[in-house]
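To start, the structure under review is shown below, and the notes come after it.
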Amino acid sequence: MSDVRHVLVLPDRDAAEEAAEALAGRFAVTEEPQLVRDALAGEDDAEDAQWLLVLEDAQDRLDPAALDEFAAEWEGWREEP
């Protein structure tokens, strides 16, 4: 068992919440992804924050290229580990 984690960076909370809901259907993810607000340096307004969608992938079964495409649907991207 490996300790793989994928982080999708999304432009806002709405995009992150929509992507989190779509994950289960698209990738058969059973564990709830973690939503994390990532405030940009010097910003204190929630509107200026990116949101991170953190996916634990203990079996290392999620395809990074498919996650890249998935995040792009919400104008986001997948962080390289």
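Taking only the alpha-carbon atoms of the chain, what semi-axes of the equivalent ellipsoid follow from 5 times the gyration tensor eigenvalues under a square root, in whole Å, largest first?
With the √(5λ) rule applied to the chain, the semi-axes are 22, 13, 11 Å.
Hey, any idea what % of the chain's accessible area is carbon plus sulfur with a 1.4 Å probe?
45 percent
Stretched out fully, how many nm does the piece from Gln34 to Glu79 gain, at 0.36 nm a residue minus the Cα gap?
Working it through step by step, the gained length comes to 14.7 nm.
Accessible area per residue for the chain in Å², computed with a 1.4 Å probe and the full protein assembly in place, what is it?
Result: 65 Å² of accessible area for each residue.
The values are calculated or read from the model by the stated rules, or taken from the named source; none is laboratory data. Computed from a prediction, not measured in an experiment: that's the story for all the values here. Just the protein is used for accessible areas: all its heavy atoms, side chains included, with ligands, DNA and RNA removed. Shrake-Rupley method; radii C 1.70, N 1.55, O 1.52, S 1.80 Å.
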